[in-house]
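Everything below concerns the one structure shown next.
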Amino acid sequence: MKIFMDTANVEEIREFADMGIVYGVTTNPSLIAKSGRTQAEVIPEICALIPGPVSAEVISQDCEGMVKEARELVKIADNVVVKIPCITEGLKAVKILAAEGIKTNVTLVFSLGQALLAARSGASYVSPFIGRLDDIGQDGSKLVEDMVKVFRNYQFKTEIIAASVRNMAHVDRMMLAGVDIATIPTKVLRELIKHELTDKGLAKFMEDYRNSLK
Ligand code: G3P
């Protein structure tokens, strides 16, 4: 499973990029707003830090507008992937962009049916939102498990990005499901690094080392 960071905070991305664990980044209008900066400022900086796919989302909700925005976004850097919502106009835009060789990430996917349509329209990536399904009492991780099976059965080239990941249990289930990618918020990545026995074990090693010098 490849790790993407789900943030538009450049400092956080730099910190994790230094560890070599981040393959790509996903952003959306909410994450851009949270960064306190504009998409035009943030995306070029992220693309310079991360050589893998960096998703930038369109704002338009009509096919023509989305296609126009997408063509501008991909001029920013070679690794920009255009994030398009899973709506009728969005899938039309994905078809046009795929024919032009522009990579897309179909977002706000909440069902197997939406995932199938996104893959068939030519999306490079599809993003099921697991936390938001949990929020309405469904099992978001189960959707991804099912998507992995379906995409394998039909040998789709579209990669699945598990999104709206909220905790370590989500990450564990995504790994076990064999999903291609999980896009993980910084808070959860920090939790993944830590284990109390690591800290305790390290403290003991240091204590024993100091004692051995006496
Ligand atoms: O990648 C999608 C993600 O940013 C949405 O997460 O926690 O707002 O559902 P959340």
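A few remarks follow.
- None of 142, 103 is more than 16 Å from the ligand (Cβ to nearest atom) and either at pLDDT below 95 or out of contact with any strand residue (DSSP E or B) (no Cβ under 9 Å at 6 or more places or on another chain) (or both) except 142.
- Cβ-Cβ under 7 Å pairs, at least 6 apart or on other chains, region 189-210 side under 30 Å from residue 9 (Cα atoms), far side assigned to a helix (DSSP H, G or I) and modelled with pLDDT of 95 or more: 191/168; 192/168; 192/171
- Looking only at region 167-189, residues that are within 16 Å of the ligand (Cβ to nearest atom) and open to solvent by 100 Å² or more (accessible area, probe 1.4 Å) come to 1 in all.
- Within region 13-64, considering residues that are among the acidic types (Asp, Glu) and farther than 15 Å from residue 75 by Cα, the one farthest from the ligand (Cβ to nearest atom): 64
Yes/no matrix, rows are residues, columns are (1) in contact (Cβ under 8 Å) with a residue 24 or more places away in the chain; (2) farther than 23 Å from residue 31 by Cα:
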| position | (1), (2) |
| --- | --- |
| 88 | no, yes |
| 97 | yes, yes |
| 122 | yes, yes |
| 128 | yes, no |
| 140 | yes, no |
| 148 | yes, yes |
| 160 | yes, no |
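- In summary, residue 181 fulfils each of the numbered conditions (1) out of contact with any helix residue (DSSP H, G or I) (no Cβ under 6 Å at 6 or more places or on another chain); (2) under 24 Å from residue 61 (Cβ atoms); (3) not basic (Lys, Arg) with the single exception of condition (2).
- Elements of type helices (runs of 4 or more DSSP H) in region 3-119, at least 1 residues being buried (at least 23 other Cβ atoms within 10 Å of the Cβ): 39-49, 63-76, 88-99
- Residue match in region 146-159 (condition: within 16 Å of the ligand (Cβ to nearest atom), over 26 Å from residue 17 (Cβ atoms) and in contact with a helix residue (DSSP H, G or I) (Cβ under 9 Å, 6 or more places away or on another chain)): yes
- In region 120-130, the residues that are open to solvent by less than 10 Å² (accessible area, probe 1.4 Å) and either on the phi > 0 side of the Ramachandran plot or part of a strand (DSSP E or B) (or both): 126, 127, 128
- Conditions (1) within 16 Å of the chain's Cα centre (by Cα); (2) more than 16 Å from the ligand (Cβ to nearest atom): number failed by residue 84: (2)
- Number of the exception - residue 192 against (1) crowded, with 23+ Cβ neighbours inside 10 Å; (2) away from the ligand (no atom under 15 Å from the Cβ): (1)
- Applying the criterion of being in contact with a Phe, Trp or Tyr (Cβ under 8 Å, 6 or more places away or on another chain) and away from the ligand (no atom under 12 Å from the Cβ) to the residues of region 1-12, the residue that is farthest from residue 164 (Cα to Cα) is 2.
The values are calculated or read from the model by the stated rules, or taken from the named source; none is laboratory data. This is a predicted model, so every value here is computed, not measured. We place every Cβ from the backbone using ideal geometry, glycine too, and count neighbours over all the protein chains shown. For accessibility, only protein heavy atoms count, side chains too; no ligands or nucleic acids. Shrake-Rupley method; radii C 1.70, N 1.55, O 1.52, S 1.80 Å.
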